[in-house]
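Quick notes on the structure that follows.
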Amino acid sequence: MNELKTLTNESLRSLISQTEDTLVELRAELEQRDIRAQERELDNLDQHMESAALSLKSIQDFLRYLIDEARSNRS
Amino acid sequence: MAISNIQGADPGLLGQERQGTWQQWVGVAALVYLLICAVGMIGSGFKAATGEHAEQLFAFAVNPFAGLVVGTVATALIQSSSTVTSIIVGLVAGGLPVAVAVPMVMGANIGTSITNTLVSLGHVREKKEFARAFSAATVHDFFNLFSVVIFLPLEISFGLLERIGKFLSQPFYGGADASMSSFNFVKAATAPVVNTAKDVILPLGDPLGGIALALFGIALIFLSITLVGRLLKMLMVGKARDIMHTAIGKGPVSGIFSGTLVTTLVQSSSTTTSLMVPLAGSGAFTLKQIYPFTLGANIGTCLTAVLAATAVTGNSEAALQIAFIHLSYNVLGVLLIYGVPFLRNLPVKAAQWLGTTASENKLAALAYILSVFFVAPGLCLGITALA
């Protein structure tokens, strides 16, 4: 950080501008990655549709999980 | 067989499988026709069973909280708001007062949100995934609860929704040339089936025939909505994917429209809201991105009751009024809660808090479901019965 003190105002302004540009690019890249991840999930919509169907089994699994958790906490 | 698993299949065959066969589309049309007929049967059966005493039969539900509880518990047990609202439309056509039916319709909104909450329990084994999935499910619950907290007092004090419903239904029965009272194609098309059912069942006697006809109509609604839901889910998954792809990164309004459209296509708000659970659980979609889709689902589900209301006999205008009340309640809920910045994030914050709490202590999830959908409504009903 001490190097900053040796930089000219002009160089500091240029560095700030470059950093801001990089920040914009990083944000855009992150956004694109999020969108790509969402598109991949939507491509599997058939499977999600199946897993989103309510079944008695998922409720039974949940209750079994609660019982197992309670038992492990007791022991 | 999942379409994505078909490797090297004939493209024509694949296209046919994606779009569904014509037999499947005929099946959808037949089931929708059956649904509309069934609502007509409920109206006729209820009227025949109660005569002019429908109001007395539902005297216990004159207290709006009792009506709210009836709608909530019935929908939570049947797991379909379309079924419950269609039955309510039929009952209103048969003489149930609109004022009694309004809180029931509001309750149906709360009751339907149990489905995606139960679906989210399937993610219980992964803590972070469960927190995201449970939040995505309960944001719908909280939105519907806030909506009732805002609109039920307005309805009790000013009859706001009843007036809006009346205003919207009047043009169809107000004597205009193109009004439903002068010519109703849907009613004419369903009359042969409804009249045949009446001719066969009503001679059983009074009030047994009416009760039997209403129960037969309820069974038919349940059957047709279940089957049409399954068929449309199969036929529309590709279309739903396209709509949701289009909505990605386009903001909340686009999300609300997509949710509405997808729900209209699959004819089930539970399907749309349950679909959001794995999408949020995987972490690809944030709670704030999921939220507008679930609001759209509330609006999209109203079409079924409006469609059903076009064909009833008896008090047809009141039936259409309650269907429009359901629609306007959901549209106003979205406009008000999502439109006002202060209110917009309340359901999100509540759902985030509950998701985190439930992921830390899974018993909290069970306690929440039992208390919101069964214990609290039961207590309310008990208190109103005693009062």
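Data table
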{"item": "Filter result for the condition that a residue is touching a Pro at 6+ places or on another chain (Cβ under 9 Å) and of a type in the set (Asp, Glu), over B:GLU162, B:GLU155", "result": "B:GLU155"}
{"item": "Candidate set: the stretch B:276-306, residues that are without any contact (Cβ under 8 Å) to a residue 24 or more places away in the chain and over 19 Å from B:TRP353 (Cα atoms); chosen: the one nearest to the chain's Cα centre (by Cα)", "result": "B:VAL306"}
{"item": "Residue count, the stretch B:259-284 (criterion: surrounded by fewer than 24 Cβ atoms within 10 Å (Cβ to Cβ) and within 17 Å of B:VAL237 (Cα to Cα))", "result": "3"}
{"item": "Residue check for B:ALA318: outside any helix (DSSP H, G or I), under 30 Å from B:MET41 (Cβ atoms) and of a type outside the set (D, E, K, R)", "result": "no"}
{"item": "Within the stretch B:18-113, helices (runs of 4 or more DSSP H) holding 2 or more residues that are hydrophobic (A, V, I, L, M, F, W, C) and surrounded by 24 or more Cβ atoms within 10 Å (Cβ to Cβ)", "result": "B:22-50, B:64-78, B:81-93, B:98-112"}
{"item": "Residues within the stretch B:117-135 that are small (Gly, Ala, Ser) and at the interface with chain A (Cβ under 10 Å from one of its Cβ atoms), tallied", "result": "2"}
{"item": "Test for B:SER328: is it away from chain A (no Cβ under 14 Å) and in a helix (DSSP H, G or I)", "result": "yes"}
{"item": "Residue within the stretch B:344-358 that is over 21 Å from B:THR72 (Cα atoms), in a helix (DSSP H, G or I), modelled with pLDDT of 90 or more and within 14 Å of chain A (Cβ to nearest Cβ) present", "result": "yes"}
{"item": "Residue match in the stretch A:4-11 (condition: within 13 Å of chain B (Cβ to nearest Cβ), farther than 30 Å from B:GLY229 by Cα and either surrounded by 10 or more Cβ atoms within 10 Å (Cβ to Cβ) or touching a helix residue (DSSP H, G or I) at 6+ places or on another chain (Cβ under 8 Å) (or both))", "result": "no"}
{"item": "Filter result for B:LEU118 (of a type outside the set (Asp, Glu), more than 19 Å from B:ALA351 (Cβ to Cβ) and touching a residue at least 12 places away in the same chain (Cβ under 8 Å))", "result": "no"}
{"item": "The stretch B:320-358, residues that are within 23 Å of B:ILE156 (Cβ to Cβ), buried (at least 22 other Cβ atoms within 10 Å of the Cβ) and small (Gly, Ala, Ser)", "result": "B:ALA323, B:GLY333"}
{"item": "Filter result for A:SER55 (small (Gly, Ala, Ser) and more than 7 Å from chain B (Cβ to nearest Cβ))", "result": "yes"}
{"item": "Failed item in (1) in contact with a helix residue (DSSP H, G or I) (Cβ under 6 Å, 6 or more places away or on another chain); (2) without any contact (Cβ under 8 Å) to a residue 24 or more places away in the chain, with B:ALA351 passing the rest", "result": "(2)"}
{"item": "Any hit, the stretch B:337-347, residues being of a type in the set (A, V, I, L, M), in contact (Cβ under 8 Å) with a residue 60 or more places away in the chain and within 30 Å of B:PRO171 (Cβ to Cβ)", "result": "yes"}
{"item": "Answer from B:PHE142, B:PHE151, B:PHE167 - the residue that is farther than 23 Å from B:ALA305 by Cα and of a type in the set (A, V, I, L, M, F, W, C)", "result": "B:PHE142"}
{"item": "Sole exception among (1) touching a Phe, Trp or Tyr at 6+ places or on another chain (Cβ under 7 Å); (2) within 14 Å of another protein chain (Cβ to nearest Cβ); (3) more than 21 Å from B:GLY229 (Cβ to Cβ) for B:VAL139, by number", "result": "(2)"}
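Per-residue answers, yes or no, for (1) within 17 Å of B:SER328 (Cα to Cα); (2) more than 11 Å from chain A (Cβ to nearest Cβ):
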| site | (1), (2) |
| --- | --- |
| B:ILE248 | no, no |
| B:SER254 | no, yes |
| B:LEU261 | yes, yes |
| B:THR264 | yes, yes |
| B:LEU275 | no, no |
| B:ALA284 | no, no |
| B:LEU287 | no, yes |
| B:PRO292 | no, yes |
| B:ILE299 | yes, yes |
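The values are calculated or read from the model by the stated rules, or taken from the named source; none is laboratory data. Because the structure is a prediction, the values reported are computed rather than measured. Note that we place each Cβ from the backbone using ideal geometry, even for glycine, and neighbour counts take in every protein chain shown.
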